[in-house]
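First the structure, in the form of structure tokens, and then the observations on it.
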């Protein structure tokens, strides 16, 4: 598991089968966003599978400044071109997080199946059903 900490938050990236689990805790600033996207790309290229999914645990996400939105859009384009099939986003019951995340994925193509979940367990179950998540990895 890769872990990065800053004063206002931290993130971790872990591989579970063909799923990259990305956990954000706190506010995502520009440095954290760019660092995490680079590490995410490295993890994707290290996968031995051509297709993959992401599990975004946003339950403790403190949102982000508006200046990173264009970088996130570029990352989503890259992800889709590089085999992303699905994304499960854990947002608890937060309407604000769903609205913020929708803004970040609005330019994503139609090839990535994206769903919101109230709990981490629900997201894992959905990804397991798609044969993309493996707890043993």
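Within region 81-89, is there a residue that is surrounded by fewer than 15 Cβ atoms within 10 Å (Cβ to Cβ), in contact with a helix residue (DSSP H, G or I) (Cβ under 8 Å, 6 or more places away or on another chain) and more than 20 Å from residue 112 (Cβ to Cβ)? No, region 81-89 has no match at all.
In region 1-91, counting only strands (runs of 3 or more DSSP E) that sit wholly within it, the ones holding 3 or more residues that are without any contact (Cβ under 8 Å) to a residue 40 or more places away in the chain, over 14 Å from the mean Cα position of the chain (by Cα) and on the phi < 0 side of the Ramachandran plot span 2-6.
What about residue 73, is it modelled with pLDDT of 70 or more and in contact with a strand residue (DSSP E or B) (Cβ under 9 Å, 6 or more places away or on another chain)? So residue 73 does not fit the description; no.
Among the residues of region 104-136, those that are modelled with pLDDT under 65 and either within 23 Å of residue 47 (Cβ to Cβ) or touching a helix residue (DSSP H, G or I) at 6+ places or on another chain (Cβ under 7 Å) (or both) comprise 104, 105, 107, 108, 109.
The values are calculated or read from the model by the stated rules, or taken from the named source; none is laboratory data. Fair warning: this is a prediction, and the values are worked out from it, not measured in the lab. Glycine gets a Cβ as well: all are built from the backbone with ideal geometry, and neighbour counts include every protein chain shown.
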